[in-house]
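The values are calculated or read from the model by the stated rules, or taken from the named source; none is laboratory data. Bear in mind the structure is a predicted one, so any value in this text is a computation, not a measurement. A quick note on method: Cβ atoms are made from the backbone with ideal geometry, for glycine too, and the neighbour counts reach across all protein chains shown. For accessibility, only protein heavy atoms count, side chains too; no ligands or nucleic acids. Shrake-Rupley method; radii C 1.70, N 1.55, O 1.52, S 1.80 Å.
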Amino acid sequence: MAASSIGYQIHINVNSPILLPLRTNFSSLSFTFSNAKYPLKWNHIGCPNICALPAVSIMASGSSREMLPPALDSSSEPPAIFDGTPKLYISYSCPYAQRTWIARNCKGLQEEIKLVPIDLKNRPDWYKEKVYPANKVPSLEHNNEVKGESMDLIRYIDSNFEGPSLFPDDPSKREFAEELLSYFDSFYKAVVSSLKEDKINDAIAAFDSIETALSKFVDGSFFLGSFSLVDIAYAPFIERFQPFLLEVKNYDITTGRTKLAAWIKEMNQIEGYTVTKCDPKEHLENYKRRFLYQL
């Protein structure tokens, strides 16, 4: 059962206050200033559930008190399927599934979208037969349909559920977001090719491109300035690449890349993301088994 309180991360980048209804209790608040001259003002204005904040983007992240269910395997009974409760089928170790888990958390949907973790090494037959014939994660059961593909699902979750928007309204940022989302496959292939080989030139070039992308907007440390679906798309993979490259290739992806270092630091302040992370040692061992013994 998820905790009822929700943590919010508020990114302040304008000088005019907005009215913010507070429908839940805050478990945590953190503030990122893009204009250091503007002081934070927290003013109740006559109603205990309304406050004025000089903010434009609010990211809801579920409390870490959410009790994560155990992964279901071949011996497990299926959950109630198509019972009206949205369900997100994931694996705790899958970076693609992690994207959708982060999006769910950062929309504050822990109570609305039920997590159903699957044991990928011992998958239950009913998952393929009754839920998702592709037999992959992630998948989302919603409105009597099951959808897949992580990039599509993070957009779907953002567009079809309540909560703070994870995609910008600014046309220039939307355009750049689409470029970065399209670039992901090239980034992934370049880094993976370096994990498989002795040389890491492709990975170096790929992370240089990330550093350049993070330098485009100056109103925050994220790809589009404020936190967005783009950060969600890249974070699970950089989380895995970093420890492997450091230990096995003796290559620190943050050396000489101040923007990337700042981005990783900021990502690790987002509870909706950090609660989805695995131990870096686990990533390292998984990647060693996957890549190192192929060299």
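Does residue 127 fit the bill of being within 24 Å of residue 80 (Cβ to Cβ), among the hydroxyl-bearing types (Ser, Thr, Tyr) and open to solvent by 30 Å² or more (accessible area, probe 1.4 Å)? The answer is no for residue 127.
Table: residues versus (1) closer than 22 Å to residue 225 by Cα; (2) free of Cβ contacts under 8 Å to residues at least 24 places away in the same chain.
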residue: 104; (1), (2): yes, no
residue: 114; (1), (2): no, no
residue: 147; (1), (2): no, yes
residue: 157; (1), (2): yes, no
residue: 161; (1), (2): no, no
residue: 169; (1), (2): yes, yes
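Yes or no, residue by residue, for (1) part of a helix (DSSP H, G or I); (2) in contact with a helix residue (DSSP H, G or I) (Cβ under 6 Å, 6 or more places away or on another chain):
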| residue | (1), (2) |
| --- | --- |
| 239 | yes, no |
| 243 | yes, yes |
| 250 | no, no |
| 259 | yes, yes |
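Show the residue pairs that are 6+ apart or on different chains and have beta-carbon atoms under 9 Å apart, the first residue being within region 244-265 and acidic (Asp, Glu), the second being open to solvent by 10 Å² or more (accessible area, probe 1.4 Å). Pairs found: 247/284; 247/288; 252/242; 252/246.
Considering (1) more than 17 Å from the chain's Cα centre (by Cα); (2) in contact (Cβ under 8 Å) with a residue 12 or more places away in the chain, the lone condition that residue 140 does not fulfil carries the number (1). What about residue 254, is it β-branched (Val, Ile, Thr), part of a helix (DSSP H, G or I) and more than 18 Å from the chain's Cα centre (by Cα)? When the stated conditions are applied, residue 254 does not pass them. If the condition is being open to solvent by 30 Å² or more (accessible area, probe 1.4 Å) and aliphatic (A, V, I, L, M), then region 265-282 contributes only 275.
Looking at region 148-170, can you tell me whether even one residue there is over 19 Å from the mean Cα position of the chain (by Cα), assigned to a helix (DSSP H, G or I) and aliphatic (A, V, I, L, M)? Scanning region 148-170 turns up no residue that is over 19 Å from the mean Cα position of the chain (by Cα), assigned to a helix (DSSP H, G or I) and aliphatic (A, V, I, L, M).
Restricting attention to region 89-107, the residues that are of a type outside the set (D, E, K, R), open to solvent by less than 10 Å² (accessible area, probe 1.4 Å) and more than 16 Å from residue 135 (Cβ to Cβ) add up to 7.
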